[in-house]
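> Submitted below is the structure of interest, expressed as structure tokens.
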Amino acid sequence: MIKLLFWLALIGGLIGYIAYRLRLRNHPKPTQARPQPHTFESVRCRQCGVYLPIEKSIQREGESFCSWEHAQQWHDKKAS
Ligand SMILES: [Zn+2]
């Protein structure tokens, strides 16, 4: 009985090892799956200089602003 369990464990281990090696062959470069660091484009407010994500910025006349107030202030300053 002990011998049978020994052989079953040995064969099971061998099958697991072969399956593991086959999986490695199918995916030879696991380093490619490394997730890229998350990056987002940030812009600088033309009025106060604060940096913020571009999707949260206000665009006006080709310039980026953190708020409509700063966009208006910059526009007023430019106009005067
Ligand atoms: Zn600002």
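The values are calculated or read from the model by the stated rules, or taken from the named source; none is laboratory data. Model, not experiment: these values are computed from the prediction. In this analysis, Cβ positions are derived from the backbone assuming ideal geometry, glycine residues included, and neighbour counts consider all displayed protein chains. What goes into the accessible areas is simple: the full protein's heavy atoms, side chains included, and nothing from ligands, DNA or RNA. Shrake-Rupley method; radii C 1.70, N 1.55, O 1.52, S 1.80 Å.
> Dipole size in debye (nearest 20) for the stretch 40-80 around its Cα centre, Lys and Arg Cβ +1, Asp and Glu Cβ -1?
120 debye
> Note down the accessible area of GLU69, probe 1.4 Å, to the nearest 10 Å².
Probe radius 1.4 Å; accessible area of GLU69 about 130 Å².
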